[in-house]
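Here's a structure for you.
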Ligand code: F6R
């Protein structure tokens with residue numbers, strides 16, 4: 001799960017590759033590297049452990065002037081994140097960058113080692129390198145060599161190659177991992193996504209599964225997996241429209257939390273006819289809500305918690321049973337799916353390997369595939385029958401924030417549409433709910449105003465070794481999301497439980513060192529949650545209650561730190577309550593001096609299983 005780029009340019013291409021890689025760091029940042037050609041056609045490369053800035057510093061000290069380059073930012077799968085394992089891998093004839101996993105690399109490596117070939121890294125990629133190098137030694141023809149090697153590779157990958165002595169030739173290949181070709185003026189590009197290429201061009205061609213592509217300054221030739229030359233459409237990526245900077249914020253995550261009122265509003269405007277006060281989906285659905293008996297929702301991590309919240313909405317508003325599973329389980333558990341059922345896949349990146357595999361499983365089982373994605377050009381979007389885009393804009397912070405609240409927003413609209421179509425929601429009730437939904441961005445603005453107080457609470461919480469989150473109803477998946485957010489960016493251990501489950505085990509954890517975050521808007525389940533909170537207080541637990549004025553007032557606990565949110569229809573509280581949950585994690589992590597936007601061991605887009 002890495003980012004790759006390739007550039008044939010009219011200026012020093014390694015520096016341009018670093019510019020492109022900056023936009024791919026979300027895919028991994030364990031190490032990075034570039035390879036270019038010297039004026040006499042030799043492969044030159046620079047690699048560095050850690051963040052891209054280390055590579056940029058190396059390039060500054062030792063500029064590469066070649067007008068062709070490949071570049072890589074790595075999330076380690078095979079081999080530790082050392083410089084030796086960093087890409088590009090190279091022989092004197094060829095250099096390669098790779099995203100994904102070569103599943104048969106052990107067998108390939110054994111084949112070379114038997115012949116006395118020495119490997120200089122622990123990576124699976126190096127097996128590809130030696131295959132191409134050996135083919136080049138035979139034919140001397142790069143295109144022939146790649147055509148010969150690709151059928152030998154098993155797994156999911158995207159590859160980019162440069163060849164010594166060929167300063168007008170770049171070859172890319174895609175199988176199971178995304179790869180886009182960028183078309184410039186006398187320049188050509190390759191990238192893991194269109195965003196990487198946005199500084200240079202917004203005219204792109206997305207390669208299809210099994211495609212491989214030969215690029216030169218004059219143009220591209222695309223081959224499919226049978227080596228037949230094929231045409232793939234050019235499209236406008238629109239990626240250039242998005243500014244990828246932090247604005248006045250210290251971190252991307254802070255900026256992305258702050259812009260939620262705007263992007264949630266944008267997403268609402270896409271799905272709601274504001275004049276009629278009703279949901280209006282701008283797509284034709286290829287299924288009939290009335291014929292559905294069940295929905296299956298599949299996603300990973302934060303996106304799966306959006307699915308859990310949506311389960312309550314679909315079941316309560318549209319009376320449609322919903323099953324939610326994490327994609328890594330769903331894809332292998334051989335779930336029997338009813339004929340012509342609806343399977344919903346939720347993903348910010350649209351590239352998560354497990355989610356994509358789950359989608360393909362559901363498709364093979366005859367399901368209608370609906371995806372809720374933030375990247376409309378992604379693999380998940382392209383393989384879906386219908387796409388419900390979230391209009392969050394590029395999310396750069398590794399911890400998902402605005403994409404989550406936009407997923408919730410789009411799913412809420414979908415649940416309302418389902419309720420209307422199935423007759424479980426009257427027009428008047430729909431209008432009332434729509435008006436509550438439309439109020440959400442302003443309520444988020446209100447929630448953001450509590451940031452200084454939340455920061456104060458977070459500083460105290462940051463001293464803890466463990467934190468417990470509790471919630472009932474839709475606040476339960478939000479509690480799960482809160483615990484995930486805290487773990488991933490502050491490295492504080494956190495757990496979440498449905499409040500009613502507390503006494504079935506986790507209550508044993510409660511002592512005066514354990515902060516317990518209770519998410520409890522004043523809704524019909526509030527009383528029940530408060531009883532659970534009393535059980536925590538009775539055992540000396542340090543409670544932080546997130547609720548509205550009524551909820552904080554009625555809780556009547558002295559030991560309590562309260563975070564007050566405005567009154568709202570509790571149905572949509574998870575969207576607004578996400579704000580303090582995210583801010584708590586953010587400020588705890590900042591207080592601890594952690595790398596908020598790029599936490600250790602993580603990557604934004606998980607394209608390996
Ligand atoms: C957590 C987080 C991850 C992602 C998960 C799925 O903050 O961002 O848990 O939600 O990796 O990613 P997407 O939504 O791209 O499929």
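The values are calculated or read from the model by the stated rules, or taken from the named source; none is laboratory data. No experiment lies behind these values; they were computed from the predicted model shown. FYI the Cβ positions are ideal-geometry reconstructions off the backbone, even for glycines, and counts take in every protein chain you see.
Please work out if residue 380 is closer than 29 Å to residue 339 by Cβ and in a strand (DSSP E or B). Can you show your working first?
On the way: closer than 29 Å to residue 339 by Cβ: yes; in a strand (DSSP E or B): no.
So residue 380 fails the test.
Still on this structure, please answer the following. Among (1) out of contact with any strand residue (DSSP E or B) (no Cβ under 7 Å at 6 or more places or on another chain); (2) surrounded by fewer than 19 Cβ atoms within 10 Å (Cβ to Cβ); (3) in contact (Cβ under 8 Å) with a residue 12 or more places away in the chain; (4) assigned to a helix (DSSP H, G or I), there is one condition residue 57 misses while meeting the rest; what is its number?
(3)
A further question follows. Restricting region 370-396 to residues that are in contact with a helix residue (DSSP H, G or I) (Cβ under 6 Å, 6 or more places away or on another chain) and near the ligand (Cβ under 9 Å from one of its atoms), which is modelled with the lowest pLDDT?
395
Moving to a separate point now. I'd like to verify a number: residues in region 3-45 that are in a loop (DSSP other than H, G, I, E, B) and surrounded by fewer than 24 Cβ atoms within 10 Å (Cβ to Cβ), how many? So that I can check it myself, show each step before the final result.
So in region 3-45, the residues in a loop (DSSP other than H, G, I, E, B) come out as 9-12, 23-24, 28-30, 38-42.
From the residues that got through so far, the ones that are surrounded by fewer than 24 Cβ atoms within 10 Å (Cβ to Cβ) too are 9-12, 30, 38-42.
The qualifying residues number 10.
In this structure, is residue 367 away from the ligand (no atom under 15 Å from the Cβ) and within 26 Å of residue 206 (Cα to Cα)?
Details: away from the ligand (no atom under 15 Å from the Cβ): yes; within 26 Å of residue 206 (Cα to Cα): yes.
Considered against the rule, which asks whether it is away from the ligand (no atom under 15 Å from the Cβ) and within 26 Å of residue 206 (Cα to Cα), residue 367 comes out as yes.
Can you report the number of residues in region 120-166 which are surrounded by 15 or more Cβ atoms within 10 Å (Cβ to Cβ), over 28 Å from the mean Cα position of the chain (by Cα) and not in a helix (DSSP H, G or I)?
So the answer is 5.
May I pose another question? Is one or more of the residues making up region 351-363 buried (at least 21 other Cβ atoms within 10 Å of the Cβ), more than 12 Å from the ligand (Cβ to nearest atom) and within 29 Å of residue 434 (Cα to Cα)? Full working, then the answer.
Going residue by residue through region 351-363, those that are buried (at least 21 other Cβ atoms within 10 Å of the Cβ) are 351-356, 358-359, 362.
So of that shortlist, the ones also more than 12 Å from the ligand (Cβ to nearest atom) come out as 362.
Retained after the next criterion (residues that are within 29 Å of residue 434 (Cα to Cα)): none.
So far as region 351-363 goes, no, none of its residues is buried (at least 21 other Cβ atoms within 10 Å of the Cβ), more than 12 Å from the ligand (Cβ to nearest atom) and within 29 Å of residue 434 (Cα to Cα).
Looking only at residues in region 311-331 that are in contact with a helix residue (DSSP H, G or I) (Cβ under 7 Å, 6 or more places away or on another chain) and over 16 Å from residue 420 (Cβ atoms), which one is farthest from the ligand (Cβ to nearest atom)? Give the steps one after another, and end with the answer.
Of all residues in region 311-331, those in contact with a helix residue (DSSP H, G or I) (Cβ under 7 Å, 6 or more places away or on another chain) come to 313-314, 317-322, 324, 326-328, 330-331.
Narrowing the set further to residues that are over 16 Å from residue 420 (Cβ atoms) leaves 321-322, 324, 326-328, 330-331.
Numbers: 321: 24, 322: 18, 324: 14, 326: 10, 327: 8, 328: 10, 330: 13, 331: 13 Å.
The selected residue is 321.
Sticking with this one: Among the candidates 250, 232, single out the residue that is over 19 Å from the mean Cα position of the chain (by Cα) and not assigned by TED's automatic domain parsing to the domain that holds residue 403.
On the way: 250 fails: not assigned by TED's automatic domain parsing to the domain that holds residue 403.
From the options 250, 232, the qualifying one is 232.
Against the definition (in a strand (DSSP E or B) and within 16 Å of the ligand (Cβ to nearest atom)), how does residue 494 come out, yes or no?
On the way: in a strand (DSSP E or B): yes; within 16 Å of the ligand (Cβ to nearest atom): yes.
So residue 494 passes the test.
To continue, here is another question. Report, by residue number, each residue of region 402-414 that is within 11 Å of the ligand (Cβ to nearest atom) and out of contact with any helix residue (DSSP H, G or I) (no Cβ under 6 Å at 6 or more places or on another chain).
403
I would also like to ask the following. Identify, by number, the condition in (1) without any contact (Cβ under 8 Å) to a residue 24 or more places away in the chain; (2) over 30 Å from the mean Cα position of the chain (by Cα); (3) buried (at least 17 other Cβ atoms within 10 Å of the Cβ) that residue 543 doesn't meet.
(1)
So which of 399, 428, 432, 418 ends up being away from the ligand (no atom under 11 Å from the Cβ), in contact (Cβ under 8 Å) with a residue 12 or more places away in the chain and either outside the structural domain of residue 251 (by TED's automatic domain parsing) or not in a strand (DSSP E or B) (or both)?
418
Kindly list the number of the only condition in (1) assigned to a loop (DSSP other than H, G, I, E, B); (2) at pLDDT 90 or above that fails for residue 244.
(2)
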